[in-house]
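The values are calculated or read from the model by the stated rules, or taken from the named source; none is laboratory data. These figures come from a predicted structure and were not determined experimentally. Counting neighbours? That spans all protein chains shown, and the Cβs are built from the backbone with ideal geometry, glycine included. Accessible surface is based on the protein model in full, side chains and every heavy atom, while ligands, DNA and RNA are left aside. Shrake-Rupley method; radii C 1.70, N 1.55, O 1.52, S 1.80 Å.
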Amino acid sequence: MTRVLVARQDNLGDVLLAGPCVRAVAASGARVTLLTGPHGRAAGELLPGVAEVLTWTAPWIDPEPPPVTAEDTGAFVGLVRSKAFDRALVLTSFHQSPLPLALLLRQAGVPWIGAISEDYPGSLLDLRHRVDGDPPEPVRMLSLAEAAGFALPPDDHGALTLRRPLPDMARLTGGGAYVVLHPAASVPARQPSAAWSRETVRALAADGHRVLVTGAPSERALTREVAGTAAVDLGGRTSLAELAAVLSGAQVVVAPNTGPAHLAAAAGTPVVSLFAPVVPPERWAPYGVPTVVLGDQHAPCRATRARVCPVPGHPCLETIDPADVCRAVTALAVPGVRPDPVELTRS
């Protein structure tokens with residue numbers, strides 16, 4: 001059996017977006033090992049087609065990079081060598097280079113390596129793939145698999161997916177329909193204020209929705225403030241798989257540009273995307289499910305890739321009218337129905 005290493009070493013959302021690429025490789029009959037960073041491992045464990053997950057912190061990708069040491073890189077090279085991979089696909093964002101990892105994989109004896117690379121790779125890559133335009137990130141990564149000779153089977157829709165079954169979360173979600181609001185993002189520039197999120201929760205509740213507020217353990221103070229008395233606070237009460245189950249059961253998920261928005265898309269749930277334009281929505285908006293994108297896409301922060309909002313007052317998100325969120329939720333929340341994946345974009 002062919003052994004293929006697929007690498008995507010940043011955040012959980014990025015790993016989820018690699019799902020179609022992973023499935024294309026697995027459909028060939030290859031055994032797929034997914035290489036993630038520490039922030040993406042839990043997402044990798046939810047991807048269909050993955051036989052094994054390896055984790056290593058890439059100093060050129062991680063937002064809090066460790067020092068580069070011969071001991072650390074040597075241990076990683078030794079681990080990869082012990083797996084005897086036949087091929088490797090290195091997945092990166094457009095602003096990341098695949099070449100440092102390709103160098104280490106060469107040292108580990110991987111005989112064939114493919115990646116999307118703007119930089120001259122010399123002997124580091126066997127396939128230097130180029131992508132025109134600015135396609136959605138899952139399409140961009142899938143195109144590398146296709147260029148390497150892997151393809152999705154005809155019955156694979158190419159959207160994001162998760163391993164099933166997901167956990168039964170009725171003990172937390174209760175009975176009846178509900179909407180999820182996830183207020184946090186890993187990058188501050190992409191997250192609305194707690195006050196705005198709290199006001200939006202109240203508006204959704206006043207509009208007749210039962211609202212659940214989700215978040216990681218480190219976000220408990222935020223989710224408690226946002227939920228108030230108008231919503232159920234689930235902050236810090238779920239693993240990633242359990243969060244996926246909560247999002248899967250929702251009518252609609254309201255979230256900024258963050259991993260749980262992509263998790264909702266992978267669960268097949270429509271998303272109201274509170275999208276700060278520091279990165280392009282064409283590439284990073286939730287993929288493959290009905291989506292309404294809200295936020296000023298022409299704000300001065302556009303395409304800056306800023307991690308902290310450079311504009312006083314964070315107007316790209318803070319000027320979103322909660323009433324527009326309610327209207328978007330109503331447009332997407334069709335009980336018992338999942339309409340065809342289309343994107344409804346509102347600036």
>> Going residue by residue through segment 218-233, is there one that turns out to be open to solvent by 10 Å² or more (accessible area, probe 1.4 Å), β-branched (Val, Ile, Thr) and farther than 11 Å from Pro167 by Cα?
In response: yes
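Being open to solvent by 30 Å² or more (accessible area, probe 1.4 Å), at pLDDT below 95, of a type in the set (D, E, K, R) and in contact with a Leu (Cβ under 7 Å, 6 or more places away or on another chain) narrows it down to one of Arg346, Arg237, Arg307, so name that one.
Values: Arg237 fails: at pLDDT below 95; Arg307 fails: in contact with a Leu (Cβ under 7 Å, 6 or more places away or on another chain).
Unique residue meeting the criteria: Arg346.
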> Got a sec? Which strands (runs of 3 or more DSSP E) wholly within segment 176-269 have at least 3 residues that are of a type in the set (D, E, K, R), out of contact with any Gly (no Cβ under 8 Å at 6 or more places or on another chain) and closer than 19 Å to Cys309 by Cβ?
Replying inline: none
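Within segment 280-290, can one find any residue that is more than 15 Å from the chain's Cα centre (by Cα) and surrounded by 21 or more Cβ atoms within 10 Å (Cβ to Cβ)? So that I can check it myself, show each step before the final result.
Taking segment 280-290 and keeping what is more than 15 Å from the chain's Cα centre (by Cα), we get 290.
Now restrict to residues that are surrounded by 21 or more Cβ atoms within 10 Å (Cβ to Cβ): 290.
The answer is yes; a qualifying residue exists.
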> Using beta carbons and a limit of 6 Å, which pairs, at least six apart or on different chains, have the first residue in segment 220-247 and without any contact (Cβ under 8 Å) to a residue 24 or more places away in the chain and the second one assigned to a loop (DSSP other than H, G, I, E, B) and surrounded by fewer than 22 Cβ atoms within 10 Å (Cβ to Cβ)?
Replying inline: Arg220/Gly236
>> Six or more apart or on different chains, Cβ atoms under 9 Å: show the pairs whose first residue is in segment 121-137 and within 24 Å of Pro281 (Cβ to Cβ) and whose second is among the β-branched types (Val, Ile, Thr).
In response: His129/Ile116; Arg130/Ile116; Val131/Ile116; Val131/Val139
>> Restricting to segment 2-22, and then to whatever is touching an Asp or Glu at 6+ places or on another chain (Cβ under 6 Å) and open to solvent by 20 Å² or more (accessible area, probe 1.4 Å), can you tell me which residue is farthest from Arg283 (Cα to Cα)?
In response: Thr2
> If you go through segment 66-106, how many residues are in contact (Cβ under 8 Å) with a residue 12 or more places away in the chain, open to solvent by 50 Å² or more (accessible area, probe 1.4 Å) and under 16 Å from Thr33 (Cα atoms)?
Replying inline: 6
> Of the numbered conditions (1) under 20 Å from the mean Cα position of the chain (by Cα); (2) more than 29 Å from Val77 (Cα to Cα); (3) outside any loop (DSSP other than H, G, I, E, B), Leu172 satisfies every one except a single condition; which is it?
Replying inline: (1)
> (1) open to solvent by less than 20 Å² (accessible area, probe 1.4 Å); (2) within 29 Å of Ala42 (Cβ to Cβ); (3) in contact with a strand residue (DSSP E or B) (Cβ under 9 Å, 6 or more places away or on another chain): which one isn't true of Ile320, the others all being true?
Replying inline: (2)
>> List the residue pairs whose Cβ atoms are under 9 Å apart, where the first residue sits in segment 1-14 and is on the phi > 0 side of the Ramachandran plot, the second is basic (Lys, Arg) and at pLDDT below 95, and the two are 6 or more positions apart or on different chains.
In response: none
>> Restricting to segment 137-150, give me the number of residues that are in a loop (DSSP other than H, G, I, E, B) and open to solvent by less than 40 Å² (accessible area, probe 1.4 Å).
In response: 2
